[in-house]
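Readers should treat all values here as calculations from the given coordinates under stated rules, not as data from a laboratory. Nothing here was measured: the structure is a model prediction, and the numbers come from that model. We place every Cβ from the backbone using ideal geometry, glycine too, and count neighbours over all the protein chains shown.
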Amino acid sequence: MQTLAAVAIAGTAALTMSRPAETAIAGPDISNFKLKNGMEVVVIPDRRTPVVTHMVWYRVGSADEEAGKTGIAHFLEHLMFKGTKKNPSGRFSKVLAEIGGQENAFTSQDYTAYFQRTSKEHLPQLMEFEADRMTGLVLTDENVLPERDVVLEERRSRTDSDPSAILSEAAQAALFANHPYGKPIIGWEHEIRALNRQDALDFYKIHYAPNNAILIVAGDVNADEVRALAEKTYGAVPAAASIKPRVRPEEPEARAQRRVELADPRVKQPQLSRYYLAPSYANAAAGEAEALDVLAHILGSGSLSRLYRALVVEQQIAVNAGAWYQGTALDKGRFGVYATPRPGTTLDALESAIDLVLAKVAADGIESAELERAKTRLIADSVYAQDNQSRLARMYGSGMTTGSTVDQIRTWPNRIREVQPEAVREAARKWLELRRSVTSRLQPAAPKSEKPS
Amino acid sequence: MKRTIVTIMTAIALTVASAVASMAAKIERAKTPGGIEFWHVRDDTLPMISMEFAFRGGSTQDPAEKAGTASMMAAVLDEGAGELDARAFQQQLEERAIVLSFAAHRDTTRGSLKSLIENGEQAFGLLNLALTRPRFDDDAVERIRAGTLASIRRRMTDPGDLAQDRWFARAFPNHPYGTPQRGTLESVAKIGVDDLRAMHRGTLARDNLKIATIGAMDAAAAGLLVDRAFAGLPAKAKLVPVTYASPQGVGERNVVEMDVPQTVIMFGGAGLKRSDPDFIPAYVLNHILGGGSFSSRLYLEVREKRGLAYSVYSYLAPMDYSGLFMGGVSTRNDRAAESLSIILGEIREIAAKGPTAEELAKAKSYLIGSFPLRFDSSSKIAGQLLEIQLENLGIDYIDRRNGLIEAVTAEDVKRAANHFLTDAKMLVTLVGRPDLAPEPARPAAPAPRG
């Protein structure tokens, strides 16, 4: 199914799970350098098949939008496919549709990325096109306005048709009192409706420049050929003075736990989720984010995890339960736990049972066997991840646009290996405090009256 | 314009041919010492071994009134086997970071195994236990049942899932394709451990098994592991015969009322089986109509020009006992009728006139040029090798495939269109509050939420 402009919804584990690295095994031979105009380049050779994945990541996302313009980062991402002065009316996409290239783009809170996958001989052409649309975008009301309707449909599909997505959006808004991570990436509906051509161009001119971008090429290439091509294409785009350090409003110290609830006649299966503010890899104390990754695994990954064992297997009050940690963020990270009750279990009872599991880890710590299992799996996942060039490219892109260096991303498994049991206990004790949290409860409700509202 | 395309195509065909040939050359059709056939690729890039395998027979094998049996059987396989209960079994996997999963599809029951090479023996040994000595302990079965019921409850309120389930229910009455693979609240409640054991005995055997392996070892070493995994399975499956069925209700339009701001529309009718000689022309035709991501007619007319939807697509769904042409769109309630009429109009148009020469050339060029992208990771390669075996396309298919696309002519495409797109007669299921009056009665802007 085609999803141009997939929005990377924050709060899912998909963005954060494992990262690549050396471990005991030789990892990919990654190069990292900068062009004269400040554009960073990462090359990830994978010579098994003569194909390439070409990505450009901009260090801008929905958290960089000005107040009242939610959704502009994502809307612009859609509009980037409309064509440039040099390559009008979507010529880039048309060429890809002829040569057999796949393409797409995605927007998160901290980054916006564009990618193509083709046979390797097309790489020079991809780089010319992508460098051209870094500054050459041309927009008209004729192509902007229908695309805004597309985005509104996208919002209806992703959020408005799904009570659990509506609730999740409300939970994020409650979690962040001051920081723009509380705004939905796709934007609030009333603000999307008001976005226009000029808003998109303004945002584009401020943020799209080589000194705010990272080029990642993975596949059947070597660093020298990519460097030569990059200098010829992206290297010709002048750096922009508009690029400023990314400073967003800071969250105040959290002092009161928050709760959001949605009872909807469309819901047949209740659900409980809790979100905590936590540090991210960009701002955690040394080893702390790694300990949170291990904690999330031990608490809630798979059928041996603490939450699954307690709630699903032993007490039999839930049909599933889990935990996740999103450490890939420029500002605050997030830690989450969730469970789906069995019929007959109240959400209150489920929540108490979750709290007991969390409190036990904070009080008594973890067993060495479960720590070893978690490390084994997290490190092995980083080997498995190397099997997929697109996945590797995404790991580096998301890491580098959220404050990590190539070297930090590479050595992640080694730091996981060093996590001590006491650090995991301390992470639970320090960060899983109710005052830092939002608890969300999704429940069925009696059908509304059939009268039009 | 046309000449440019032809030139580009020739260039692509040459480079792609070499990419594809180098891939094809690595595939070995091998036999284990125990006599099991498997397809293997040696890839020393990573210290891993992966296997994808499938037994023919999936939810089509569910007993009447007990839909969901195959799905549940597959879900319980790794919940305890041999002397190991669910917890002990999962511990064995986790301690070595072995990734094992099973799932029942409509026509197959599939498994996937991934391990570091150093744990290969244990990984394939544990798989063998799961396949040949699953315990089906009561507590594990009840746990899986509770999870299945929860996912069915969620499905019942998801507009997309509901549209699909209702479409298949109407298209295939009295046929296993008509029931959701995971079953219904009623049918899942009826499934007993005896049913799971019977499904296990009947479906998991050696004569209906296809295997693809890839990893840092040669075929001989992989063969020993394959034997280890599948030793002790019965020689012959006891599959329940399934009849071939054509979709019913074609031409109908069924609305399922749901209080959502957007209507999910699923449409479909008879398509082609994979073995049909016109399947490849039909595949090219569908790429032009609704398969090509940002280039298809449906994408351009519904999304790009009019902004009526985020997602609109069509595809061919060849199955063992039917062949379907399917598609879908999610569009605001007050313009659902307009979207549907544009889509059906496009289908009629391409059925009547066929694609233009330029469209046909571009579609072929895309499909040929993008073929190597299906082979850039171990899991993709194993997946491709498995599909080729399941569809009986032959080990030389990777070498032949682009030639088959290249050979498609305008006449082939028109003939294929006549097979399944004539009159654009479709069974259409709409979930939402679609306004199907011919003229939109309400103003264009829907009321804001909340």
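Structure data summary
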| quantity | calculated |
| --- | --- |
| Residue exposure sequence - B:Ser22, A:Ser168 - by fewest surrounding Cβ within 10 Å | B:Ser22, A:Ser168 |
| Cleavage-rule hits (GluC sites (Glu not before Pro)) in the range A:247-288: DSSP loop, at most 16 neighbouring Cβ within 10 angstrom | A:Glu250, A:Glu253 |
| Neighbouring partner chain Cβ atoms per residue of B:152-161, average, 10 Å criterion | 4 |
| Where labels lie 7 Å past Cα in the beta-carbon direction, separation of B:Ser18 and B:Glu83 in nm | 5.7 |
| Sequence of A:Ser440, A:Ser368 once ranked by neighbouring C-beta atoms within 10 Å, starting from the fewest | A:Ser368, A:Ser440 |
| Label-point separation in nm, B:Asp218 to A:Lys86, each point 7 Å along Cα→Cβ | 5.1 |
| Candidates B:Leu224, B:Leu162, B:Leu289: whichever shows maximal mean-square fluctuation once chain B is modelled as a Gaussian network with Cα springs under 10 Å | B:Leu224 |
| Two-site FRET efficiency, A:Leu356 against A:Asn283, from Cβ-Cβ distance with R₀ of 51 Å, rounded to 0.05 | 0.95 |
| Residue order, fewest to most beta carbons within 10 Å, for B:Met426, A:Met400 | A:Met400, B:Met426 |
| Two-site FRET efficiency, A:Val247 against B:Glu95, from Cβ-Cβ distance with R₀ of 45 Å, rounded to 0.05 | 0.50 |
| Expected 222 nm ellipticity per residue - DSSP helices of 4 or more, -39500 (n - 2.57), all of chain A, to 500 | -11000 deg cm²/dmol |
| The protein assembly as shown - Rg over Rh from alpha carbon coordinates, Kirkwood radius | 0.93 |
| Rel. contact order, % - alpha carbon contacts under 8 angstrom, at least six apart, chain B | 21 |
| Per-residue HN-Hα couplings for the range B:399-410 [Karplus 6.51, -1.76, 1.60; θ = phi - 60°; Hz; x = Gly/Pro] | 5, 7, 4, 5, x, 5, 5, 4, 7, 5, 10, 4 |
| Inter-chain shielding of A:374-381 (mean C-beta neighbours from other protein chains, 10 Å cut-off) | 4 |
| Average beta-carbon neighbours from other chains, 10 Å sphere, peptide B:300-312 | 5 |
| Per-pair calculated FRET efficiency, R0 = 30 Å: B:Asp44 and A:Glu418 via Cβ, rounded to 0.05 | 0.55 |
| Square roots of five times the Cα gyration tensor eigenvalues for the range B:363-431, Å | 28, 19, 13 |
| Cleavage-rule hits, GluC sites (Glu not before Pro), the range B:48-125, DSSP coil, Cβ neighbours within 10 Å at most 16 | B:Glu65, B:Glu83 |
